[in-house]
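The values are calculated or read from the model by the stated rules, or taken from the named source; none is laboratory data. From a predicted model like this one, the values you see are computed outputs, not experimental measurements. Neighbour counts are summed over all protein chains in view; Cβ atoms, including those assigned to glycine, are modelled from backbone coordinates with ideal geometry.
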Amino acid sequence: MGKAVFNTYHMDCSKLLDRALKAEFLSAEEGQFLFENAGLTELMFVANELRKTKRNDGKVSWIIDRNMNTTNVCIANCKFCNFYRIPGHEESYITDIETYKVKIDETFRYGGEQLLLQGGHHPELGLKFYADLFRELKSLYPNLKLHALGPPEIAHICKLEGMSHTEVLTELKAAGLDSLPGAGAEILNDRVRRLISKGKCTGKEWLDVAEASHQLDITGSATMMFGHIETLEERFEHLVWLREVQAKKPAHAKGFIAFIPWPFQDDGTLLRRVKGIRNSCTADEYVRMIAISRIMLPNIDNIQASWLTVGKQTAQMCLHAGANDFGSIMIEENVVSAAGAPHRFTADAIQEAIREAGFEPQLRTQQYEYRELPADMEQQLIDY
């Protein structure tokens, strides 16, 4: 199949694309060569063929959940974040249980069953705070799924408590943690991290937390925020490092169940105001990045298109370039939106967008298991 399609290609590209079609692991250098030299249609073709080896039922999955923030207090000082407030700031907060109850009730009315629960690196909120919160939420809502925190927050708690990653993750899992978001990966190379998120864990520690979670059978996701100060080489080593961690997971564990890349959102950020760094990612580059992610990560089953940051039409194109998931309608989202991501979807609208792209929409859980649309769910109203 590959030779017939790529017979007009330079031999190096042809061989690499043939190997990609066999789900072989390409090196960072080989992946970058394809990214820079292969035609977009050829990359899309190969990525789509690989997608079919994972999901070939004509469906694109999506989820209903809500992003809530435990606190906006953070000492990481990320230069791409407009959401955080320093300790003692007049706009700082810690979310109280009554607010959770109101918003969780609303989430269930809208057909959701999951809370994406994240916050900042609060200097005074340790393991007991999060374990107690998880237990209280699960006691109030036994069917609620907690997709909570992320490797940098786990690393932060470990530092506060003087505990290992495994010890903290074990306690949080026992308290009700269902899965671990891939937040805070940004670019895993420490040159980049020192410049844009100096207060967060190193790239190695991010990967170590993820690996520890896989050993405990805590399903997670992996992410990449690109298009700022990183080099192409750093993007591709990021992909290879994720693939290597995924290759170490126990056979029974799902590990990274999905990979979600999105372009840096620059509106009002320090990176833009002080450094002049702007989001220059075109639709072509984003689709190309989705396709190469599918090619570079054959051991991660699901690739998600970030409609929140690139919009409906570009995200729809990604469904023909290796992506098989459209993510969440995000009943609420406060962090990426604060940096200028303007796009929103209702449950009906996200399904229609998937149909427009030629696929059947399929509601899912965070474990990527299919679920039926609740018969009595309300439709969210978007007031913008």
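Exactly one residue among I187, I229 is part of a loop (DSSP other than H, G, I, E, B), without any contact (Cβ under 8 Å) to a residue 60 or more places away in the chain and either surrounded by 20 or more Cβ atoms within 10 Å (Cβ to Cβ) or not hydrophobic (A, V, I, L, M, F, W, C) (or both), and that residue is I187. Looking only at the range 176-185, decide whether some residue is within 25 Å of Y370 (Cα to Cα) and of a type in the set (D, E). Yes, some residue in the range 176-185 is within 25 Å of Y370 (Cα to Cα) and of a type in the set (D, E).
For the range 319-335, the candidate set comprises residues that are assigned to a loop (DSSP other than H, G, I, E, B) and small (G, A, S); within that set, the residue that is surrounded by the most Cβ atoms within 10 Å (Cβ to Cβ) is A323. In the condition set (1) touching a residue at least 40 places away in the same chain (Cβ under 8 Å); (2) over 22 Å from F264 (Cβ atoms); (3) under 17 Å from the mean Cα position of the chain (by Cα), E171 is compliant with all but (3). Here is a check on your reading of the model: is T282 over 21 Å from E113 (Cβ atoms), at pLDDT below 95 and among the β-branched types (V, I, T)? It is true that T282 is over 21 Å from E113 (Cβ atoms), at pLDDT below 95 and among the β-branched types (V, I, T).
Among the helices (runs of 4 or more DSSP H) confined to the range 1-98, the ones with at least 1 residues that are modelled with pLDDT of 95 or more and aliphatic (A, V, I, L, M) are located at 11-21, 28-37, 40-54. Number of residues in the range 81-111 that are in contact with an Asp or Glu (Cβ under 6 Å, 6 or more places away or on another chain) and free of Cβ contacts under 8 Å to residues at least 60 places away in the same chain: the value is 1.
Checked against the criterion of being closer than 26 Å to I300 by Cβ, buried (at least 22 other Cβ atoms within 10 Å of the Cβ) and either out of contact with any Asp or Glu (no Cβ under 7 Å at 6 or more places or on another chain) or touching a residue at least 24 places away in the same chain (Cβ under 8 Å) (or both), the candidates G58, G31 yield just one match: G31.
Consider the range 190-201 and keep the residues that are over 18 Å from the mean Cα position of the chain (by Cα) and assigned to a loop (DSSP other than H, G, I, E, B). The one that is surrounded by the fewest Cβ atoms within 10 Å (Cβ to Cβ) is K198. Taking each residue of the range 357-375 that is farther than 9 Å from S61 by Cα and looking for partners that are outside any loop (DSSP other than H, G, I, E, B) and of a type in the set (D, E) with beta-carbon atoms closer than 8 Å, six or more apart or interchain, yields Q366/D65. R294 falls short on exactly one of the conditions (1) under 22 Å from E234 (Cα atoms); (2) surrounded by fewer than 24 Cβ atoms within 10 Å (Cβ to Cβ); (3) at pLDDT 95 or above, and that condition is (2). Among residues of the range 331-379 being among the polar types (S, T, N, Q) and under 19 Å from H147 (Cβ atoms), the one that is modelled with the lowest pLDDT is S337. Of the residues in the range 62-77, at least one is in contact (Cβ under 8 Å) with a residue 40 or more places away in the chain, among the acidic types (D, E) and surrounded by 21 or more Cβ atoms within 10 Å (Cβ to Cβ).
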